[in-house]
Amino acid sequence: MQFSSSLMPFVSMLWITVFSPAGCKADPVSCRLWAQSHLSGLSMTGDFVIGGVFSIHNYMRSEQNTYTGQPPQAQCSGRFLRFARAMEFAIHEINNRTDLLPGITLGYQIRDSCAAVSMAIKVTFQLANGVESVFNDTDSCSKSASAAVSAVIGESGSTPSISMARMLGLFRIPLVSHYATCACLSDKREFPAFLRTIPSDQHQAAALARMVKYFGWTWIGAVRSDSDYGNNGMASFLKAAQEEGICVEYSESYYRTQPRSKLERVANVIRRSTARVIVAFLATGDMNILLQELARQPPPPLQWIGSENWISHSEFLRFNMCAGAIGFGVPRSVIPGLREFLLDLSPAQALKSPLLTEFWESSFSCSLIGSSEGARECDGSEDIRALQNPYTDTSQLRITNMVYKATYAIAHAIHGVICNDTYCNSTIKFTPWQILDQLKRVKFTTKNSFQVSFDSSGDPVAVYELINWQFQKDGGLDFVTVGRYDSSKPRGQEFSMSRVPRSVCSESCPPGTRKAVQKGKPVCCYDCIPCAEGEINSLDCVQCPPEFWPNTKRDSCLAKPVEFLSWEDTLSIILTAFSITGAFVAVSVAVVFYKHRDSPIVRANNSELSFLLLFSLTLCFLCSLTFIGQPSEWSCMLRHTAFGITFVLCISCVLGKTIVVLMAFRATLPGSNAMKWFGPPQQRLSVLTFTLIQVLICVIWLTISPPLPFKNFKHYKERIILECGLGSAIGFWVALGYIGFLALLCFVLAFLARKLPDNFNEAKFITFSMLIFCAVWVTFIPAYVSSPGKFTVAVEIFAILASSFGLVICIFAPKCFIIVFRPEQNTKKHLMGKVPSKSL
């Protein structure tokens with residue numbers, strides 16, 4: 001006959017209790033156990049007995065069962081007594097109360113499961129059926145509705161609790177767990193008699209995923225115990241993480257009994273991964289082995305995210321690689337009187353229980369009355385208060401409080417069954433499912449101010465503390481509560497941060513900096529490196545988009561202000577005033593010339609070219625206005641072409657006047673007929689030709705690559721300059737160069753004619769005007785290239801106005817002065833030099 005490995009312990013137990021060949025005597029109605037069961041635990045009689053199953057020992061060693069004889073007793077190692085003694089303390093406290101079960105004495109039967117499923121099943125049978133050596137089937141029916149215990153507290157792990165809950169659920173015997181967190185246990189169809197005082201991992205998984213999202217960790221690794229606790233917990237977390245948009249690089253599992261090669265493989269995956277955040281859903285035993293393996297060859301600094309099973313376990317604080325670890329743990333509590341109860345232990349009391357004897361002897365390395373061979377005898381100098389171990393450390397009472405709450409919950413349920421408003425009846429017979437029914441309805445507050453109740457799934461309200469491992473002043477790690485999770489709060493408000501997790505190794509980085517982990521040190525040790533210009537810091541420096549710039553705190557990006565030479569700017573108003581003034585002056589001069597068009601000075605200075613020059617100067621003054629305002633496609637094309645064409649028209653007129661002066665004096669030479677080659681038709685044709693060349697340049701420019709508005713991000717990083725791009729830079733500089741070429745030619749010709757007779761010669765004034773014109777535009781080039789932002793446009797407008805004013809003043813001011821203020825000089829004789837000229 002073959003059995004699966006999961007049924008081996010159960011089969012072994014049945015072999016001892018039922019199927020042993022010599023298990024029963026001849027009496028047909030009774031049966032005797034082959035051997036007395038070896039009980040390992042704590043017990044006390046009472047009117048009603050509560051069972052307790054705890055992992056007092058952490059490991060169980062057993063020999064191979066041959067099924068040919070009585071199986072050998074399992075040997076357990078490791079030791080953790082505080083949970084069991086906390087149940088003892090709670091029952092003694094209840095027995096001394098007058099408001100809860102008055103006159104009733106509760107007893108207890110506490111058993112050790114050795115953290116093994118097989119042992120948990122065995123002790124569960126013992127608690128449910130009792131351990132009498134003789135079984136009599138005549139009263140089996142009367143006992144079928146009752147059990148040896150009213151309810152059971154336990155177990156410390158999810159997998160043993162699942163086996164116990166399945167078994168006890170068949171008889172509706174309540175099982176209240178203090179530490180089994182697997183979400184699967186909330187299924188009441190499969191586990192109808194299971195309740196717990198610790199929250200389900202379903203809540204913890206959602207809280208962990210929300211916390212990881214809160215800190216912006218979207219690339220993580222995951223490792224879990226290969227057990228019901230780890231597999232179910234991690235499955236819930238991965239589902240919640242996916243909903244939060246978190247990516248998982250790897251998800252590995254390990255159980256402490258698996259081959260070492262599996263452990264090494266998991267450790268190597270962690271070492272080689274690129275994820276620097278790791279979520280560990282591990283039992284304490286598995287976490288301990290994994291950290292020991294990682295310590296042999298430490299990985300790069302990691303940010304550990306822990307489940308409640310190990311995140312508040314003080315034993316792991318010795319691993320500095322976990323500095324900065326963060327995770328949700330059961331809230332820390334204080335149980336008044338518990339520490340005194342735990343320390344009230346003498347050698348005589350220790351001898352009453354094998355568990356206490358073992359604890360005393362191993363704690364003080366001595367033997368109580370020769371119970372341990374080869375060890376010195378305890379001499380009475382042993383002081384339990386001087387011990388420094390988990391038994392005496394009551395500073396982190398978290399899961400211990402869950403045992404305390406479970407004990408009180410069962411007591412309140414028994415009270416609801418056997419007590420009324422006046423007294424309690426210890427003779428009342430009740431069934432386990434009556435206690436179960438009362439347990440589902442209990443709602444009370446413990447002595448240390450913790451509320452206890454169960455929902456329809458047998459789960460409590462999920463309340464967690466967010467625990468952060470931080471370095472203290474002495475250099476050691478300790479637990480610091482930095483947040484809280486409360487499932488009773490409205491959706492979206494369950495998770496809150498009371499303080500930002502920090503490490504005294506490095507203070508929080510100021511705004512505008514990012515964290516850079518120090519090589520070879522934990523993740524909480526870092527340097528603060530300034531972010532580059534234009535970057536904000538969240539978890540890391542992030543570049544703002546081109547059209548945005550960091551705010552003062554450098555934690556968000558704000559839209560950059562757009563800057564251009566607007567009509568409202570003071571500079572624009574000043575330039576507009578000068579532009580209109582210049583145009584008004586040109587028009588005024590034209591009016592004066594037109595009014596005195598028949599006067600000798602106007603007729604002698606080529607009135608047709610003078611009027612055309614004044615018209616072009618008016619356009620030059622007004623074209624500067626096209627450079628003001630928000631750039632658009634049409635304004636960008638108009639401003640550059642209008643500027644280029646009007647100035648060529650202007651210089652062409654000046655050039656024509658200069659040539660006329662030169663030709664006029666050459667015509668006075670004997671035998672010269674130069675003027676017939678440069679009469680009025682030729683003058684008009686030259687102006688038109690010079691201007692059409694510029695028009696052609698502008699047309700080609702606009703066709704190939706016209707000037708268009710663009711956003712300049714280079715001059716100022718904190719704001720946008722909206723300006724007109726040149727389009728084709730060649731087109732711009734060709735147009736500008738053509739103007740310069742005509743101006744230079746005009747200047748040379750005027751310079752050659754400067755020594756002609758004063759009264760008729762205006763070449764001297766043209767020379768000055770061209771000198772100013774060329775000086776302005778030569779200065780303009782470096783100023784234009786180096787001016788920032790909107791001042792580039794202002795420089796261009798200034799150059800237009802300055803050169804235009806230079807032409808008006810140098811060429812027309814002397815003539816207007818004579819026309820208006822010296823009319824006696826506006827005669828043909830004076831112009832011909834027959835009247836001595838007077839200095840002005």
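The values are calculated or read from the model by the stated rules, or taken from the named source; none is laboratory data. Everything numeric in this text was worked out from a predicted model, so none of it was measured. Cβ sites come from the backbone with ideal geometry, for glycine too, and all protein chains shown count toward neighbours.
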| note | Scanning the range 239-266 for residues that are out of contact with any helix residue (DSSP H, G or I) (no Cβ under 7 Å at 6 or more places or on another chain), within 12 Å of residue 226 (Cβ to Cβ) and of a type in the set (Lys, Arg) gives 262
| request: Return yes when residue 417 is farther than 21 Å from residue 451 by Cβ and part of a helix (DSSP H, G or I) and no when it is not. | output: yes
| message | Quick check on the range 399-416. Is at least one of its residues modelled with pLDDT of 90 or more, under 30 Å from residue 194 (Cα atoms) and surrounded by fewer than 18 Cβ atoms within 10 Å (Cβ to Cβ)? | response | yes
| message | Take the conditions at pLDDT 90 or above, of a type outside the set (D, E, K, R) and not in a strand (DSSP E or B) and apply them to residue 520. Does it pass? | response | no
| note | Okay, strands (runs of 3 or more DSSP E) sitting entirely in the range 47-162 with 2 or more residues that are modelled with pLDDT of 90 or more, I get 48-54, 106-112, 151-153
| said: So in the range 588-643, with the set limited to residues that are out of contact with any helix residue (DSSP H, G or I) (no Cβ under 9 Å at 6 or more places or on another chain) and in a loop (DSSP other than H, G, I, E, B), which one is nearest to residue 572 (Cα to Cα)? | reply: 630
| message | For the condition assigned to a helix (DSSP H, G or I) and either under 55 Å from the mean Cα position of the chain (by Cα) or outside the structural domain of residue 613 (by TED's automatic domain parsing) (or both), what is the one hit in 731, 727? | response | 731
| Looking at (1) assigned to a loop (DSSP other than H, G, I, E, B); (2) under 29 Å from residue 149 (Cβ atoms), which is the one condition that is false for residue 452? | (1)
| said: Residues that are part of a loop (DSSP other than H, G, I, E, B) and either under 18 Å from residue 714 (Cβ atoms) or in the same structural domain as residue 624 (by TED's automatic domain parsing) (or both): does the range 526-533 have at least one? | reply: yes
| message | Among the residues that make up the range 699-717, is at least one of them at pLDDT below 75 and of a type in the set (A, V, I, L, M)? | response | no
| said: Quick check on the range 346-359. Is at least one of its residues at pLDDT 90 or above, surrounded by fewer than 18 Cβ atoms within 10 Å (Cβ to Cβ) and on the phi < 0 side of the Ramachandran plot? | reply: no
| message | Checking the conditions here, which among 430, 471 is surrounded by 15 or more Cβ atoms within 10 Å (Cβ to Cβ) and not assigned by TED's automatic domain parsing to the domain that holds residue 98? | response | 471
| query | Does residue 482 satisfy being outside any loop (DSSP other than H, G, I, E, B) and more than 30 Å from residue 215 (Cβ to Cβ)? | reply | no
| query | Can you spot a residue in the range 324-346 that is free of Cβ contacts under 8 Å to residues at least 60 places away in the same chain, more than 30 Å from residue 380 (Cβ to Cβ), in the same structural domain as residue 476 (by TED's automatic domain parsing) and not basic (Lys, Arg)? | reply | no
| task | Might you check whether a residue that is among the acidic types (Asp, Glu), within 19 Å of residue 215 (Cβ to Cβ), outside the structural domain of residue 711 (by TED's automatic domain parsing) and outside any strand (DSSP E or B) occurs anywhere in the range 549-558? | result | yes
